[in-house]
Amino acid sequence: MTPYQPRTLPDPGQAFPIKLSIRDFNLSFGQTPILKSIDLDVIANHVTALIGPSGCGKSTLLRSLNRLNDLSTECRVSGQIHLDNQDIYAPSMNIADLRRRIGMVFQLPNPFPKSIYENVAYGLRIQGIRSRRRLDTAIEHALTRAALWDEVKDRLNTNAYELSGGQQQRLVIARALAVEPEVLLLDEPASALDPISTLKIEELITELKHNYTIIIVTHNMQQAARVSDYTAYLHQGTLIEYGETQQLFTNPRKRATENYITGRFVE
Amino acid sequence: MNRWLSGGHAWIWLSAGALSVSLLLVAILIGFIAVKGLSHFWPAPIFDVHYHEQDDPSMQRLIGQRISYQSTDQGTQEYLFRRSEAQAAYQDFIWLTDAQINTMTQRPELMTLEHRTFGRLIAEPILLRLSPTSTITPPPVDWPEQIKTAQKDAQLTLLLGNGEALTLNLVDILEIHFPNQLSWVEKMQVFGKGLLQFMVESPRQGGTEGGIFPALFGTVITVLIMTVFVTPIGVMAAVYLHEYARPGWITQTIRIAVYNLAGTPSIVFGVFGLAFFVYTLGGSIDQLFYSESLPMPTFGTPGLIWVSLTLALLTLPVVIVSTEEGLARIPKSVREGSLALGASHTETLWRIVLPLTTPAILTGLILAIARAAGEVAPLMLVGVVKLAPELPLDAEFPFLHLDRKIMHLGYHIFDLAFQTGRTDASLPFVFTTALLLILLIILLNLSAILLRNRLRVRFQDDKKPI
Amino acid sequence: MRPNPKPKQAKQSAFQTWRRCRDAVMSLMIRSSGYTVVISLLLMFVYLGYQVFPIFKPIQVTPIETERLSEEHRSSFQWHPVNLDPSALVYRLAENQRSLLTTTSDGGIQQWFWLMGDAGTPASFQKVHEFTSHRAPILALIPESQRRGFLSLDQQGHLAIHYAPTGETLWSGYLTNEPIKAYSLSSSNQILGVRLASGETRYWHLLNPHPQISITSLLHKVQYEGRNQAEWVWQSAPSAEYHDGKYSIVPLSIGTLKAAFFAMLFAMPLAIMGAVYTAYFMPTRLRNWIKPSVELMEALPTVVIGFIAGIYLAPLIEAYLVQVLFGLITLPLYLVLLSWLWSIFPDSTHYRLKSSLWVLLIPALVAFVWALPYASSLFESWVFAQDLRQWLAHHNIDYAQRNGLVIGIAMGFAIIPTIFSLAEDALSSVPKHLTEGALALGATPWQSLQGVILPTASAGIFSAIIIGFGRALGETMILLMASGNTPLVNMNLFEGMRSLSANIAMELPEAQAGSTHYRVLLLSVLILFVFTFVLNTLAALIRQGLKKRYQQL
Ligand SMILES: Nc1ncnc2c1ncn2[C@@H]1O[C@H](COP(=O)(O)OP(=O)(O)O)[C@@H](O)[C@H]1O
Ligand SMILES: [Mg+2]
């Protein structure tokens, strides 16, 4: 299998800038290489989907973008990732600020065991915002954007654990939106949800891409096809193919990609 | 037979037996202490006994409370009486056998009373002087009523078992009971009151009368001050081990040090406390701040603060281990959620992780307090004494006197049981003190166990699929 | 679109700086707390070592210039002429009459004791110690005041410092080559003055604060004055006659080990077998109930156990010695017998009842205790043909009320929960699939326990035993209250002992800080500390290794 070669954009003529650019990025945990020479450009205000068999390194790639992998002592990286021309692995990088700029939503909803209000306010409080009025407006705004406001506006002080799974996931999205990130990373955000909640989340993603750059990991091919503009296919830590979703699903350039999306993939 | 051998039945029975024996031993121990300790406050019946000594046929008389009785090897009964003398000239307790006792009558007017100077008296009332001119001797069952209605300036004349008569002012009498007339409920009330008094009064007459309040207070205040020291350091050390330290030889060393702090004999801490805290640290403090009162030491001598510091060192591993367990139980996802929002490591810790760990920290603290409350050996070296003249907390500036010597429940037990001469008289108090200490510790441990179980349940719920 | 406008840039960056500072301070505090644990342990070692060290410091003899001593001081010296006829030098050591020193012409010094003979033999003088540090005839024997050391000077100008009770020469060296006329030792034993033939006077400073302590006096048998043979003696309370303490740590160490040994003998079988039963045969629901009760048992204050043991158990055991001993031995046999009887019943009941066996056993145990007096008196008359106590007395076995048996039971009781809960942890954390594999192959539960669980958990059980042993070594209150505190050197089950820990608790409050007694006590603490440190570290390493192994399984 030859990795994806060209360092050009899938759609060179488009009007949007490159938000994140990944160049020759390698990552290993201890002696085990997980990501191998990844080259990928993420275009602003679009949805990019990462697909691939489980264990191929999708989450790891996503977590490299906000440096969450740094938590593991075994993690070693090489190569560059630039966010708006700023090297995020540069020693001068303020990681907390980076993570504020790149929000993340995890596979399982992970609200804090606090009230709904405090969950959304958390990131703002960290940023030193104390004024009740500013918090109130920001929270309403974030919850509205996450399509949750109407459901919870009367019980902002109840514990977040009392929400349903789908609501919790939207709460987590609202929490991420509240700190006004530029990029939103979604790691299989709907895999633990029922179909209705999944639908809501998908609608939300389509809605949000006007203001944010979104990268979503999913192993649900239909979902990728529905929500994303670009799709990257990863296999065993190697980026096999990256292109417009439409084109990748209808006319994959690589045999491996075709096998995977048609379900003929054997692990 | 073969099957019996290969099935290991003998071993299974032996191991089950080992468990039963262990549990049985604990049950016997605690039950024994409870019965012995509580029976002291039970208003036992009073008897008027005519008896003779083993080797002397002449008749004697006593008025005393029958504390307990048992059968001897010969099948006769043996009774233990508590009697009292105004000027305790001879022993308070006496064992008598059936053969020694001529008559033993339980009359309703026999009473116990608590006198301001004589302490507890067991006697027969004979005369009540209501005013300088009128005296009465009511019928036996009317005594309680008559005394209750008498004026405060009335006088009561008593006859003690040894024939001594005693006239007392009613104002000097703190309490009167007629155990032979009490109903079961009233006995319970007297019992409860006695128990309460035991907890709130100071010891009198070398610990054989009164209560143990200063010891209880000393125990509580030392462990409270100990928590002030041990909590921040223990919690932060656990945080370091679990959140900061990368696996390597440093972490390994710290872990081994924690194990060692936990396993080092407490007497070693006591000696270190005496040599380092008291003599070196306290001595330096004296030279710097209290030089005007030297050579009389202020902090350079055993005292409250050194007891608490020594206990803090001793219980540090308990807090560390428990906190670390709590930290380990917090799901990774919650931390990552916070970090992903741009919170720094310490902010996550402070705002998310530590609040969630609070029950575990509390568990650790409670266990530490339980351990500290039961320690005695190190404390005798660094500031616990048999009788402290003042409480460490009073209305005088600076209110909390960290340099004072204190009393302690555990040491009180040791002291009463082994250093006091009148063993018969002090033993009931030892038992009650022991019971109180055990109950305190069991209560603390139970609450820690419950807290820990609640904690477990809570996180199990979290892990349920949504 | 954005509802909250960006805060002013300057304010924002100030806040970020404050954030970073706060983080740095917190990290620093957390890190230093982590190190505090190691540092405090290290501090304990170093500080105790530092306090103990002076007793092993070599003696220093340094010349002092005459001008450094004040006129007043110098005039207070009492001068003694030297004796030029060595054979006439017989010296009565210190105030007591029992010990004499003699010298020989070749510089030898002998110490003689007046020894009481055993019954029948008359008392006699015997040569006990010999000091051979001099090559020339002795000029003077100079006793130290307040203690039982002495100095000797010879014709060649050599000085030696000796300590009579242990028969050791602590220092010897050369002072001067001029003939010596007279000498003087200050009452503090610290300044030696020597008057030479030339009329010149010279002074030396002798730094020898702890002559009593040496490896010999701490560890070896020493024949102290008035004693018929060399012994290990701990006798710190100075009586009027014997000014110097006798500090052999052997009796205390033996006492500590003896107590711990008997306690382990009692606790180990109970704790480990109880743990095996709990971890392996008990239903989970019950186990969740048993474990906390054992934890409660661990929290029982030892002062309470010690009190019961000293005041009630000791007289009880004295009164019912045969019953107790007989019961301890026959209880396991009784259980084995019961299990055999039980196996006559059909198989199905066994495994059904296995998990509630411990409840069934409680009435069986009560029956056992009830039958004990009858059985044991039969046993007593059959084996000893007399009362056991008489038998012991007849065989010259001493019996003390507070003895090894009492300690074994009481302290054993106190360490059962420690061993139990650690062993239970080790057993129940053996991965489940291992047992299930064995059971699937047709092994009985006992066989799978024996073949799979016990070997896997053995290291953990071993570390539980080590920790229990460490706890027994350091336990203080039980020993203080129930061991009799007699510093004996024997392993007799029926005699008392004094442990290091109890000795410290008794004597340290009275010892004057900085004195020899104080430092020797601190030395005994250090010994205890080092010993338990080794045990704990070993157990910790074993447990860490075990954790790794379980993860791999
Ligand atoms: N913290 C870690 N330490 C070691 N290995 C890890 C870690 N996180 C992930 N891995 C390994 O990296 C590989 C890729 O994982 P991941 O990125 O989660 O895959 P997926 O594509 O299913 O999201 C897996 O084999 C996983 O075992
Ligand atoms: Mg994944």
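The values are calculated or read from the model by the stated rules, or taken from the named source; none is laboratory data. Only a predicted model underlies this, so the values are computations on that prediction, with no experimental measurement involved. For neighbour counting, all protein chains shown are included, and Cβ atoms are generated from backbone atoms with ideal geometry for every residue, glycine included. Only protein heavy atoms, including side chains, enter the accessible area calculation; ligands, DNA and RNA are left aside. Shrake-Rupley method; radii C 1.70, N 1.55, O 1.52, S 1.80 Å.
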Study note, to complete from the structure: Checking the range C:93-197 for chymotrypsin sites (Phe, Trp or Tyr not before Pro) in a loop per DSSP with at most 11 other beta-carbon atoms within 10 Å yields none
Check your understanding: Can you work out D for the range C:60-235 in µm² s⁻¹ from Stokes-Einstein, where Rh is the Kirkwood radius over C-alpha pairs, the temperature is 4 °C and the viscosity is 1.567 mPa s?
Key -> 76 µm²/s
Review point. Between the range A:70-123 and the range C:400-472, how many Å separate their Cα centres?
Key: 47 Å
Practice item. List the equivalent ellipsoid semi-axes of the range C:171-247 in whole Å, largest first, each obtained as the square root of 5λ for an eigenvalue λ of the Cα gyration tensor. Key: 34, 14, 12
Check your understanding: For the range C:250-552, rounded, prolate or oblate, judged on the Cα gyration tensor with a ≥ b ≥ c (square roots of eigenvalues), a/c < 1.5 rounded, else prolate if a/b > b/c?
Key -> oblate
Revision key, fill the gap. Whole-Å distance linking the alpha carbon centroid of the range C:171-248 with that of the range B:329-407 is 52 Å
**Study point:** Exposed GluC sites (Glu not before Pro) absent: longest stretch of chain C, with sites in DSSP loops and at most 12 other Cβ within 10 Å deemed exposed
**Key:** C:242-509
**Study point:** Farthest positive-ward along chain B dipole, Cα basis, beta-carbon charges - from B:210, B:97, B:287
**Key:** B:287
Study note, to complete from the structure: In chain C, helical segments from DSSP H whose Cα atoms cover 24 Å or more along their own axis and that average at least -1.0 on the Kyte-Doolittle scale are C:9-52, C:250-281, C:321-342, C:357-383, C:404-428, C:454-474, C:516-552
Exercise for review: Run down the lysines and flag those whose C-alpha is under 17 Å from the C-alpha of residue A:19, throwing out any fewer than 8 positions away in its chain.
Suggested key: A:209
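If you place +1 on the Cβ of every Lys and Arg, -1 on the Cβ of every Asp and Glu, and leave all else neutral, what size is the dipole of chain B about its Cα centre, to the nearest 20 Debye?
Numbers: 32 positive and 37 negative charges, 435 e Å.
Approximately 2080 debye in magnitude.
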Study note, to complete from the structure: Of all chymotrypsin sites (Phe, Trp or Tyr not before Pro) in the range A:179-267, the ones in DSSP coil with at most 14 other Cβ atoms within 10 Å are A:265
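Going through the range A:87-119, which chymotrypsin sites (Phe, Trp or Tyr not before Pro) have at most 14 other Cβ atoms within 10 Å and a DSSP loop state?
none
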Review point. How big is the gap, in Å, between the Cα center of the range A:126-145 and the Cα center of the range B:214-290?
Key: 44 Å
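Rounded to the nearest 20 debye, what is the charge dipole size of the protein assembly as shown about its Cα centre when +1 sits on each Lys and Arg Cβ and -1 on each Asp and Glu Cβ? Show your work: numbers first, answer last.
Working: 100 positive and 99 negative charges, 926 e Å.
So the magnitude is around 4440 debye.
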Exercise for review: Could you order A:199, B:365 so the one with the most accessible surface comes first? Probe is 1.4 Å.
Suggested key: A:199, B:365
**Study point:** Solvent-accessible area of residue A:24 with every protein chain in place, 1.4 Å probe, in Å² to the nearest 10
**Key:** 70 Å²
Revision key, fill the gap. Scoring only Lys, Arg, Asp and Glu (+1, +1, -1, -1) among other residues with Cβ under 15 Å from the Cβ of residue B:223 yields 0
Review point. Kirkwood hydrodynamic radius of the protein assembly as shown from all distinct Cα pairs, in Å?
Key: 38.0 Å
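With the Cα gyration tensor of the range C:286-337 giving a ≥ b ≥ c as the square roots of its eigenvalues, does the rule (a/c under 1.5 for rounded; else a/b larger than b/c for prolate; else oblate) give rounded, prolate or oblate?
Details: a/c = 5.15, a/b = 1.18, b/c = 4.37.
Judged from the Cα gyration tensor, the range C:286-337 comes out oblate (a/c at least 1.5, b/c at or above a/b).
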Exercise for review: Would you check the accessible area of residue A:175, probe 1.4 Å, heavy atoms only, in square angstrom rounded to 10?
Suggested key: 10 Å²
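Let a ≥ b ≥ c be the square roots of the eigenvalues of the Cα gyration tensor of the range B:30-109; is it rounded (a/c under 1.5), or, if not, prolate (a/b larger than b/c) or oblate? Please list the in-between numbers first.
Numbers: a/c = 1.73, a/b = 1.27, b/c = 1.36.
Cα axes put the range B:30-109 in the oblate bin.
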**Study point:** Cβ-Cβ FRET estimate between residue B:54 and residue C:328, R0 fixed at 30 Å, reported to 0.05
**Key:** 0.25
Check your understanding: Mind checking which lysines have their C-alpha under 22 Å from residue A:153, skipping anything on the same chain fewer than 8 residues away?
Key -> A:114, A:200
Study note, to complete from the structure: Per the charge dipole of the range C:451-545 (beta-carbon charges, Lys/Arg positive, Asp/Glu negative, Cα centre), the residue among C:463, C:525, C:501 reaching farthest to the positive end is C:463
Exercise for review: May I ask for the net charge around residue C:259, where only other residues with Cβ less than 13 Å from the Cβ of residue C:259 are counted and Lys, Arg are +1 while Asp, Glu are -1?
Suggested key: +2
Revision key, fill the gap. Note on chain C: contact order normalised by length, alpha-carbon pairs under 8 Å, 6 or more apart, percent, works out to 14 percent
Exercise for review: Sum up the lysine pairs in chain B that clear both bars: alpha-carbon distance under 22 Å and a spacing of 8 or more or different chains.
Suggested key: 7
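For a Förster distance of 22 Å, can you work out the FRET efficiency between the beta-carbons of residue C:20 and residue A:72, rounded to the nearest 0.05?
Details: r = 24 Å, r/R0 = 1.07.
The computed FRET efficiency comes out at 0.40.
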Exercise for review: For C:491, A:221, C:268, B:111, write out the residues from largest to smallest accessible area, computed with a 1.4 angstrom probe and no ligands counted.
Suggested key: C:491, C:268, A:221, B:111
Review point. Given DSSP loops and a limit of at most 13 other Cβ atoms within 10 Å, what is the longest stretch of chain B that contains no such chymotrypsin sites (Phe, Trp or Tyr not before Pro)?
Key: B:91-398
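Do the sum for chain B: with -39,500 (n - 2.57) for every DSSP H run of n ≥ 4, divided by all residues, what is the mean residue ellipticity at 222 nm, to the nearest 500 deg cm²/dmol?
That comes out to -16500 deg cm²/dmol.
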Point to revise | Accessible surface of residue A:36 - all protein chains present, 1.4 Å probe, nearest 10 Å² | key: 80 Å²
Review point. If you rank A:41, A:154, B:153 by how much accessible surface each has, with a 1.4 Å probe, what is the order from largest down?
Key: A:154, B:153, A:41
Practice item. Check cross-link reach from residue C:548 to the aspartates and glutamates: straight Cα distance under 19 Å, and skip same-chain residues fewer than eight apart. Key: A:74, B:324, B:325, C:424, C:425
Revision key, fill the gap. Expressed in nanometres to one decimal, the distance between label points 7 Å along Cα→Cβ at residue B:149 and residue C:123 is 8.2 nm
Review point. Which Cα, out of C:337, C:286, C:173, lies furthest along the positive dipole direction of chain C (beta carbon charges, K/R +1, D/E -1)?
Key: C:286
Check your understanding: If you put +1 on each Lys and Arg Cβ and -1 on each Asp and Glu Cβ, how big is the dipole of the range B:46-105 around its Cα centre, in Debye rounded to 20?
Key -> 260 debye
